[in-house]
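Enquirer: What follows is a single structure, and I will ask about it in a moment.
The values are calculated or read from the model by the stated rules, or taken from the named source; none is laboratory data. Just so you know, these numbers come straight off a predicted model, no measurement behind them. Using ideal geometry, Cβ is built from the backbone for each residue, glycine included, and neighbour counts are taken over all protein chains shown. Calculation scope for accessible area: heavy atoms of the full protein, side chains included, ligands and nucleic acids excluded. Shrake-Rupley method; radii C 1.70, N 1.55, O 1.52, S 1.80 Å.
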Amino acid sequence: MSADLVTNPPPPLLRYAMVGGGRDAFIGAVHRRAMALDGRFRLVAGALSSTPAKALASGADLGLDPGRNHGSWQELLADELRRPPGERIDLVVIVTPNHVHHEVALAFVDAGFHVVCDKPLVHTSAQARAIEQRVAARGTVFGVSYNYTGYPMVRQAREMLRAGSIGRVRKLIVEYQQGWLATALEASPNKQAGWRTDPARSGVAGAIGDIGSHAENLVSSVTGLRLEALCADLGHFVPGRRLDDDASLLLRFEGGARGVLIASQIAVGCENDLRLRIFGETGSLDWRQESPNELVHMPLDGPRRILTRGSPWLGAAALRACKLPPGHPEAFLEAFANLYGGVAEDILAHQAGRVADALAADYPRVADGVRGVLFIEQTVASAASELKWTAMPG
């Protein structure tokens, strides 16, 4: 055995349970794969569906111990609380449709468990504030899966902007274009289309809640600017659809910066086209999720340059987030894994009674989830008001 392994043993695996994410669920499998990537987590328990029989079958598919494979999240929580502290899970991961988030998250936080919850956090700002207050009271770790902030070049853009590389921000444009809901897919057996277009399960928003909240979080994470006001136009183009499938927003930020946010799921031909452009007084930055290993920097007084993931001249946050040598593409799962790496660092610090290193514990927190819900609510409210429209003369 090497001396390094003797003096620096690997951190213990963190035991986790999952609520939701069973058979036929897309995002649950994504979370599990991302959590497995760095070898820091082990799935030991779950309630993987709202249907008890499907939950048990899903857990069996994943090899869960029958004694920790449950038909409901209530049974899961009760069983964990019966166990000695040293045998309990370290965290629970909530990957259900949106309407389930609040009750499950609140119950597990109240019981003292660490939580990672899918976004958007909950349906209402009152629910979000209640979770935030409970997290503060219990002192637990709470992550929200705004996973695009885990990309190395997103973190490089954040570091460059905070260091003044493009001067004061004047304008930004963020857009998230998808085409998967260009037809009435919810009328088919597609599970995700069904619940994301259902107000009872998705909440008050469709595209702006699903992908628009990602766009808002990306802007906030990279720029640190506080959104002061917005003007929104929401619409649905597919007949019979009850929630928005297209959104266009004008944004005003503290300090005078202006912005444009577009979120559409009826953009035929687009797959997962998330793009952020930031224009400052002395330069600009441009990043696209479909080419995630590159960040374009355009200084006012020099040539355009393309920064690439893994290069030695990147900042500390970007380099820490890199998992492969330069030239080996890494993307969605690796970015997701970086989020969970930050959560793991924070949980281990919490268990050791110390404050986690900020560079290591880099992940979206409950405050990001609260802000995201407020953003969705204000967008819907703005879209419902006609005061913003100025009619053109005939």
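Enquirer: In region 5-27, is there at least one residue being touching a Cys at 6+ places or on another chain (Cβ under 6 Å) and either buried (at least 20 other Cβ atoms within 10 Å of the Cβ) or over 24 Å from residue 366 (Cβ atoms) (or both)? Spell out the reasoning first.
Expert: Taking region 5-27 as the starting set, the residues that turn out to be touching a Cys at 6+ places or on another chain (Cβ under 6 Å) are none.
No, every residue in region 5-27 fails to be touching a Cys at 6+ places or on another chain (Cβ under 6 Å) and either buried (at least 20 other Cβ atoms within 10 Å of the Cβ) or over 24 Å from residue 366 (Cβ atoms) (or both).
Enquirer: Counting residues that are within 22 Å of residue 145 (Cα to Cα) and at pLDDT 95 or above, which strands (runs of 3 or more DSSP E) fully inside region 261-352 reach at least 3? First the steps, then the outcome.
Expert: On the way: elements: 273-280, 283-288, 294-299, 305-308.
So the answer is 273-280.
Residue-wise test of (1) surrounded by fewer than 19 Cβ atoms within 10 Å (Cβ to Cβ); (2) in contact with a strand residue (DSSP E or B) (Cβ under 6 Å, 6 or more places away or on another chain).
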position	(1), (2)
254	yes, yes
258	yes, yes
261	no, yes
271	yes, no
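Enquirer: Oh, and also: Are there any pairs with C-beta distances below 6 angstrom linking a residue in region 254-268 that is under 15 Å from residue 214 (Cα atoms) to a residue that is open to solvent by 20 Å² or more (accessible area, probe 1.4 Å) and not small (Gly, Ala, Ser), with the two at least 6 apart or on different chains, and if so which?
Expert: 260/173; 262/175; 264/177; 264/246
Enquirer: Next up: Let me confirm something: among 182, 200, which residue is open to solvent by 10 Å² or more (accessible area, probe 1.4 Å) and assigned to a loop (DSSP other than H, G, I, E, B)?
Expert: Working: 200 fails: assigned to a loop (DSSP other than H, G, I, E, B).
It is 182.
Enquirer: Given the conditions (1) open to solvent by less than 10 Å² (accessible area, probe 1.4 Å); (2) in contact with a His (Cβ under 7 Å, 6 or more places away or on another chain), report the number of the one that residue 127 does not fulfil.
Expert: Tallying (1) open to solvent by less than 10 Å² (accessible area, probe 1.4 Å); (2) in contact with a His (Cβ under 7 Å, 6 or more places away or on another chain), residue 127 fails exactly one: (1).
Enquirer: Tell me, which residue of region 364-386 that is out of contact with any Asp or Glu (no Cβ under 7 Å at 6 or more places or on another chain) and within 14 Å of residue 203 (Cα to Cα) is most open to solvent (accessible area, probe 1.4 Å)?
Expert: 378
Enquirer: So, in region 25-67, exactly how many residues are part of a helix (DSSP H, G or I) and under 25 Å from residue 332 (Cβ atoms)?
Expert: 14
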